[in-house]
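Asker: Here you go, one structure.
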Amino acid sequence: MDKSGNEGGKMALLNIVYEDPDFVVVDKVGGMLAVPGRGEHKIDSVAYRVRQMFPGCIEQPAAHRLDMDTSGLMVLGLTALGHRELSRQFLERETRKRYVALLEGKLEGTSGTIELPFRLDLDNRPLQMYDEVHGKMGTTHWERIGIESGVTRVGFVPVTGRTHQLRLHSAHERGLGIPIVGDPFYGNGTGPGQMKLHACELGFRHPVSGEEVCFTSEPDF
């Protein structure tokens, strides 16, 4: 397989944005797993393909994750040092992340901050649910970019990085009250790869040099 993701004449959907001895930044397509799921039929993922493409890559390179239906920028550590330092930055909220999304309707406000406590819905995995008592707080800054043919383009800057945070914050009545276009869990999506949520900016410190680096990616919607 070459660095563009070709293997046996088949084009693998893995766009390499930047390559470094200690990490690699990729632009994930919607509908692809970030890391392997359970079972051989769910092994194909960004992490799996990176391991195939970069000899010597560690067993589990993903420093963070994107939902399967979310597209955009991911960074993976190729070495143990790279992975450890990048993972620490995500854990301690030292990274910079920005997303863009389309919402299923017209959003009246222009900007704000959403703070909602939520947790896993044990009866409906992997969905998350609002829970004032047992939920953990998720915080997201948002801004309306514009309204296009009845849908709203928004920018999200998550402060926390909880499972389905932006999806729940969009759809829940205590959040924006409008689901993301194509969301199969909280909106009207009917299959993988339809959701219009894209990780468009990712910034962090180089795991070895400490230099500030930032990568951007434009969505295809």
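The values are calculated or read from the model by the stated rules, or taken from the named source; none is laboratory data. Here the structure is a predicted model, which is why all the values come from computation and not from measurement. Don't worry about glycine lacking a Cβ; one is built from the backbone with ideal geometry, like all the others, and counts go over all protein chains shown.
Asker: Count, please, the residues in the range 101-125 that happen to be without any contact (Cβ under 8 Å) to a residue 40 or more places away in the chain and in contact with a Phe, Trp or Tyr (Cβ under 8 Å, 6 or more places away or on another chain).
Answerer: Within the range 101-125, residues that are without any contact (Cβ under 8 Å) to a residue 40 or more places away in the chain and in contact with a Phe, Trp or Tyr (Cβ under 8 Å, 6 or more places away or on another chain) number 4.
Asker: Yes or no: the range 79-100 includes at least one residue that is out of contact with any strand residue (DSSP E or B) (no Cβ under 9 Å at 6 or more places or on another chain) and touching a residue at least 24 places away in the same chain (Cβ under 8 Å). Talk me through it step by step, then tell me what you get.
Answerer: Of the residues in the range 79-100, the ones out of contact with any strand residue (DSSP E or B) (no Cβ under 9 Å at 6 or more places or on another chain) are 80-81, 88, 91-93.
From the residues that got through so far, the ones that are touching a residue at least 24 places away in the same chain (Cβ under 8 Å) too are 81, 93.
Checking the range 79-100: at least one residue is out of contact with any strand residue (DSSP E or B) (no Cβ under 9 Å at 6 or more places or on another chain) and touching a residue at least 24 places away in the same chain (Cβ under 8 Å).
Asker: Then there's this: Looking only at the range 130-142, how many residues end up being touching a Phe, Trp or Tyr at 6+ places or on another chain (Cβ under 9 Å) and closer than 17 Å to residue 173 by Cα?
Answerer: Going residue by residue through the range 130-142, those that are touching a Phe, Trp or Tyr at 6+ places or on another chain (Cβ under 9 Å) are 130-131, 135-138, 140-142.
Cutting the leftovers down to closer than 17 Å to residue 173 by Cα gives us 130-131, 135, 137-138, 140-142.
Qualifying residue count for the region: 8.
Asker: Tally time: how many residues in the range 184-211 are in contact with a Phe, Trp or Tyr (Cβ under 8 Å, 6 or more places away or on another chain) and among the charged types (D, E, K, R)?
Answerer: Result for the range 184-211: 2.
Asker: Report, by residue number, each residue of the range 81-106 that is within 19 Å of residue 201 (Cα to Cα) and in a loop (DSSP other than H, G, I, E, B).
Answerer: 92, 93, 94, 95
Asker: Just a yes or no: is a residue in the range 72-79 in a loop (DSSP other than H, G, I, E, B) and at pLDDT 95 or above? It would help to see each step written out before you state the result.
Answerer: Looking only at the range 72-79, we keep the residues that are in a loop (DSSP other than H, G, I, E, B), and these are 78-79.
Checking the rest, the ones that are also at pLDDT 95 or above come to 78-79.
Among the residues of the range 72-79, at least one is in a loop (DSSP other than H, G, I, E, B) and at pLDDT 95 or above, which makes the answer yes.
Asker: If a residue has to be crowded, with 19+ Cβ neighbours inside 10 Å and farther than 14 Å from residue 107 by Cβ to count, how many in the range 153-165 make the cut?
Answerer: Here the count works out to 4.
Asker: Something else now. Kindly list, by first and then second residue, each pair from a residue in the range 20-35 that is closer than 13 Å to residue 86 by Cα to a residue that is of a type outside the set (A, V, I, L, M, F, W, C) and outside any loop (DSSP other than H, G, I, E, B), limited to pairs with Cβ atoms under 6 Å and residues at least 6 apart or on different chains.
Answerer: Qualifying pairs under 6 Å: 22/82; 23/77; 23/82; 25/18.
Asker: Right, next: Among what's in the range 39-67 and is in a helix (DSSP H, G or I) and in contact (Cβ under 8 Å) with a residue 12 or more places away in the chain, pick the residue that is surrounded by the fewest Cβ atoms within 10 Å (Cβ to Cβ).
Answerer: Filtering the range 39-67 for residues that are in a helix (DSSP H, G or I) and in contact (Cβ under 8 Å) with a residue 12 or more places away in the chain, the one surrounded by the fewest Cβ atoms within 10 Å (Cβ to Cβ) comes out as 52.
Asker: Among 193, 182, 187, 150, which is out of contact with any helix residue (DSSP H, G or I) (no Cβ under 8 Å at 6 or more places or on another chain) and buried (at least 19 other Cβ atoms within 10 Å of the Cβ)?
Answerer: Working: 193 fails: buried (at least 19 other Cβ atoms within 10 Å of the Cβ); 187 fails: out of contact with any helix residue (DSSP H, G or I) (no Cβ under 8 Å at 6 or more places or on another chain); 150 fails: buried (at least 19 other Cβ atoms within 10 Å of the Cβ).
On inspection, the qualifying residue turns out to be 182.
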